[in-house]
Amino acid sequence: MEKFGKAQAMRRSEDVRFLTGHGRYVDDIAPEGALHGIMFRSPVAHAVIDALDVEAARQAPGVHLVVTVEDLLAAEVDITMTGVVMENRDGSKGAAPTRPWLAHKRVRHVGEPVALIVADSLQAAQDAAELIEFDYTELPAHLDICAGGEALHPEAPDNRAFDFGMGREAETAAAIDSAAKVVRLEVGDNRVIVNAMEPRGAYAEWDGSRLHVAFNGQGVWGLKGDMARVFGLDEANVRVTNPDVGGGFGMKAAPYPEYFAIAFAAMKLGQPVRWMSDRTEAMLSDHAGRDLVTMAELAFDAENRITAYRVHTLCNLGAYNSNFGQAIQSILFAKVLTGTYDIQNAWMRCEGFYTNTTQVDAYRGAGRPEAIYVLERMMDRAARELGVDPQELRRINFIKEFPYKTVTGENYDVGDFSRVLGHAEADADIAGFAARRAASEAQGKLRGLGLCYYIESILGDPSEDVRVEFTPEGGALIYVGTQSNGQGHETVYAKFLSDQTGIPFEAIEVVQGDSDLIARGGGTGGSRSVTTQATVTLTAVRDMVAGFTEFLAGEMGVDPDEVRFDDERFRAEGSNLTPTMLEVAALAREKGREDLLTWSARTAIDARSYPNGAHFCEVEVDPDTGVTQVVKYTVVDDFGNLINPMLAEGQVHGGVVQGLGQALTERVVYDEDGQLLTATFMDYAMPRAKDSPWIAFDVEPVPSTGNPMGMKGCGEAGTVGSMAAVANAVQDALWDRGIRQADMPFTPHRVWEMLQGSRMAAE
């Protein structure tokens, strides 16, 4: 029986806890009496360490321990941080220099950890840090995303970490050479600092044989394995937990030096050690996002059909390989290289370079926003140069037959891009834009319209684990392998289990983030969480129904084939028993059938899904001040089937605003010596409420065939689509002023300079 309420909007149950100050974040739950750790960090971007004298700090009041890399080496722990290494075009492996937890012989970016001070209080640790003598010989800072300059690592003497290629190089070159028209554009994608609401933090405790690390990350199993590796522990002797987490966005997915350093200190001292970042420390040490420039070419035939696409990207890795740094702008960028367009001749090359800056890694979308940004800026430029309506140019080139295999090996199962675009055109009132532009011009403002049609590929482990446990109190626990960072997972998972079993929503508790309670899990990232977790939950429910059916048949005195479950109750012809799932569990407990009270499953989704959609953005630019305001924003997404439309809309709103932030306000600035000049919120402008308009949201679902629910992930889609929509709108507003190259971020000063430059050029 289908009940009213399935796949309906539902407020997040966890919000009551968060909004009333009852969230349990890592800094709230550190053990009583835990010692405080702080990191002594490099004050320079690039230098040889001549001397590090920590003896005075060790003797300071309240100090229990000062840890340097020499202490780690003496203890014979593995000081290396691991990172994915790509294969170069010539078949060799990309550079893999050692990234130590604490600086060894050289520092390579401002903020690199050099020593850990552990004391009774935060103030005592900070005072002791002032006593450390750090002598160094400064080296030139390499900041440009290019080969050359002072080498950061011997493994990359020209600072080139990798040179990746994918696609059809020769065929693409030939198609470009013979094309009726070729459009070329250089597209910059500016660095952003992630700035989650809750900065990174952790604590560690050691009981003499077993290590426990709690940190505010995006999953526990990766760090559990890393902790076992570096300390030479059996994984059974490592427990990692995630409490409530105030935002991650990919930045919190990776391991960081601080987690290993405080674990070492806790093991050394036999006392719990805690560490919590402050905001400037976070801006200096958290992995950044984006930071690349791409030279792109689109070739067309006489009918405006794309015949080839070629990109050459130069990306900034920062000072070291981070967790997935090399993969982001190479293999993950390639996932959606050709977007929603029928392009079989495509070639991408990506070169990654080390610079004396903080590492760059995943940020909401991880490579897919970057790829779509380039492609959709190109489509906008091509429409102008070809003299074609931008919507029409996209319709001409949309993939129309499915399944469709892209040149980079992705298998798009379904799609109806023209239908989605048409829905968005109507919602955005494109027909009325000319009148709105005229009204803006009458007020002395420049108005622009921008479109981005995006697609993304769901990433991460396609498999997931679940365990459902019936409690003696008459409820159920669901143990999940993903990790909520604020997405509303507790509501979604409990509601899905309730819908499938009839167990009241309020009787279900979601358990997550503890490596002792569930053996494995894929964590959160790549918009995978709800799709994978719901799939495996469905498997567990089917097993549960089958097991309870057989049990009930015996109790009812009927054949198992006669028992059915209608998502609320078990029923059988000829029996007046109609127990709910909880009542069957209670009966099983009464009968001593403990085997029926816990259900576990591990399932992989059949294939990735491909969320897609259209973003229309309208901006107004004040030519006298350069101030750019988003005045209208419309999104229509194809997310397939939705479990909770309200939460999906919330994810889109958040993602769009993060894209608006990068496009309009967020500008990272380093000086020539590698000092970060935008290391506070006084200097780095996060988007505010005034920067965001009302975001109109609707869906045009085409259910995926890659999972039983027909779902497509929605967590990162807002960001994937928003950057190009805003940038194309700004370019449109500035086009008639002669500005042909408009790159993010569109801060008032940068836009004003563009306008002044065009004015002087005209004179």
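Okay, residues lined up against (1) within 30 Å of residue 108 (Cβ to Cβ); (2) free of Cβ contacts under 8 Å to residues at least 24 places away in the same chain; (3) assigned by TED's automatic domain parsing to the domain that holds residue 557:
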| residue | (1), (2), (3) |
| --- | --- |
| 583 | no, yes, yes |
| 590 | no, yes, yes |
| 593 | no, no, yes |
| 632 | no, no, no |
| 652 | no, no, no |
| 656 | no, no, no |
| 661 | yes, no, no |
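If you check 717, 648, 689, 696 for being aliphatic (A, V, I, L, M), surrounded by fewer than 22 Cβ atoms within 10 Å (Cβ to Cβ), more than 21 Å from residue 191 (Cβ to Cβ) and modelled with pLDDT under 95, only one passes: 689. Of all residues in the stretch 74-91, those that are in contact (Cβ under 8 Å) with a residue 12 or more places away in the chain have Cβ atoms under 9 Å from Cβ atoms of residues that are assigned to a loop (DSSP other than H, G, I, E, B) and surrounded by fewer than 18 Cβ atoms within 10 Å (Cβ to Cβ), 6 or more apart or on another chain, in 77/232; 78/232; 79/98; 80/98; 81/98. Which of the numbered conditions does residue 602 fail, given that it passes all the others? Conditions: (1) buried (at least 23 other Cβ atoms within 10 Å of the Cβ); (2) part of a strand (DSSP E or B); (3) modelled with pLDDT under 95. Unmet condition: (1).
Looking at the stretch 645-673, which of the residues that are outside any helix (DSSP H, G or I) and of a type in the set (Asp, Glu) is nearest to residue 719 (Cα to Cα)? If you could, list the steps in order and put the result at the bottom.
Initially, the stretch 645-673 is screened for residues outside any helix (DSSP H, G or I), giving 665-673.
Cutting the leftovers down to of a type in the set (Asp, Glu) gives us 666, 671-673.
Values: 666: 14, 671: 28, 672: 31, 673: 32 Å.
This residue is 666.
Restricted to the stretch 322-378, and to residues there that are under 15 Å from residue 250 (Cβ atoms) and among the acidic types (Asp, Glu), the residue that is farthest from the chain's Cα centre (by Cα) is 370. Here residue 231 does not qualify as at pLDDT 95 or above, surrounded by 22 or more Cβ atoms within 10 Å (Cβ to Cβ), farther than 26 Å from residue 15 by Cα and not basic (Lys, Arg). What tally of residues in the stretch 531-568 results from selecting those that are within 40 Å of the chain's Cα centre (by Cα) and either assigned to a loop (DSSP other than H, G, I, E, B) or within 21 Å of residue 469 (Cβ to Cβ) (or both)? Residues flagged as within 40 Å of the chain's Cα centre (by Cα) and either assigned to a loop (DSSP other than H, G, I, E, B) or within 21 Å of residue 469 (Cβ to Cβ) (or both) within the stretch 531-568 amount to 21.
Specify which of the listed residues (642, 577) is part of a loop (DSSP other than H, G, I, E, B), at pLDDT below 95 and not assigned by TED's automatic domain parsing to the domain that holds residue 430.
Working: 642 fails: not assigned by TED's automatic domain parsing to the domain that holds residue 430.
Just one listed residue meets the conditions, 577.
Taking the stretch 216-228 as the range and being in contact with a helix residue (DSSP H, G or I) (Cβ under 9 Å, 6 or more places away or on another chain) and either surrounded by fewer than 24 Cβ atoms within 10 Å (Cβ to Cβ) or under 11 Å from residue 260 (Cα atoms) (or both) as the test, the residues that pass are 223, 224, 225, 226, 227, 228.
When the stretch 73-82 is examined, which residues are found to be out of contact with any Asp or Glu (no Cβ under 9 Å at 6 or more places or on another chain) and either buried (at least 18 other Cβ atoms within 10 Å of the Cβ) or among the aliphatic types (A, V, I, L, M) (or both)?
Within the stretch 73-82, the first condition is being out of contact with any Asp or Glu (no Cβ under 9 Å at 6 or more places or on another chain), and the residues that meet it are 73-80.
Listed by number, the residues that qualify are 73, 74, 75, 77, 79.
Scanning the stretch 168-188 for residues that are farther than 19 Å from residue 373 by Cα and not hydrophobic (A, V, I, L, M, F, W, C) turns up 168, 169, 171, 172, 177, 178, 181. Sort through 731, 658 and tell me the only one that's at pLDDT 95 or above, touching a Phe, Trp or Tyr at 6+ places or on another chain (Cβ under 9 Å) and surrounded by 15 or more Cβ atoms within 10 Å (Cβ to Cβ). Every option except 658 fails the conditions. Only one entry in 326, 391 is under 20 Å from residue 285 (Cα atoms), assigned to a helix (DSSP H, G or I) and of a type in the set (S, T, N, Q), namely 326. When the stretch 690-708 is limited to residues that are farther than 14 Å from residue 611 by Cα and assigned to a loop (DSSP other than H, G, I, E, B), the one that is nearest to the chain's Cα centre (by Cα) turns out to be 692.
Set side by side, the residues 498, 527 differ, and just one is in a loop (DSSP other than H, G, I, E, B), assigned by TED's automatic domain parsing to the domain that holds residue 600 and polar (S, T, N, Q), which is 527. Taking (1) surrounded by fewer than 21 Cβ atoms within 10 Å (Cβ to Cβ); (2) outside the structural domain of residue 448 (by TED's automatic domain parsing); (3) in contact with a strand residue (DSSP E or B) (Cβ under 9 Å, 6 or more places away or on another chain) in turn, residue 341 satisfies each apart from (1).
Taking the numbered list (1) surrounded by fewer than 23 Cβ atoms within 10 Å (Cβ to Cβ); (2) over 30 Å from the mean Cα position of the chain (by Cα); (3) not β-branched (Val, Ile, Thr) in turn, residue 505 passes all entries but (2).
Within the stretch 115-168, being more than 30 Å from residue 95 (Cβ to Cβ) and part of a loop (DSSP other than H, G, I, E, B) holds for 120, 121, 130, 131, 132. Filtered by the rule that a residue be of a type outside the set (Gly, Ala, Ser) and in contact with a helix residue (DSSP H, G or I) (Cβ under 7 Å, 6 or more places away or on another chain), the stretch 404-448 gives 408, 421, 425, 446, 447. Quick check: is even one residue across the stretch 95-103 part of a loop (DSSP other than H, G, I, E, B), of a type outside the set (A, V, I, L, M), in contact (Cβ under 8 Å) with a residue 24 or more places away in the chain and buried (at least 22 other Cβ atoms within 10 Å of the Cβ)? Yes: the stretch 95-103 contains one or more residues that are part of a loop (DSSP other than H, G, I, E, B), of a type outside the set (A, V, I, L, M), in contact (Cβ under 8 Å) with a residue 24 or more places away in the chain and buried (at least 22 other Cβ atoms within 10 Å of the Cβ).
Of the set (1) under 30 Å from residue 305 (Cα atoms); (2) out of contact with any strand residue (DSSP E or B) (no Cβ under 6 Å at 6 or more places or on another chain), all apply to residue 185 but (2). Please specify each residue of the stretch 329-368 satisfying the condition of being aromatic (Phe, Trp, Tyr) and assigned to a helix (DSSP H, G or I). Within the stretch 329-368, 333 is the sole residue that qualifies. Among the residues making up the stretch 262-281, those that are within 12 Å of residue 36 (Cα to Cα) and crowded, with 19+ Cβ neighbours inside 10 Å are 262, 265, 266, 272, 273, 274, 275, 276, 277.
The values are calculated or read from the model by the stated rules, or taken from the named source; none is laboratory data. Just so it is clear, the structure is predicted and the values come from calculations on it, not from any experiment. Cβ: placed from backbone, ideal geometry, glycine included. Neighbour counts: every protein chain shown.
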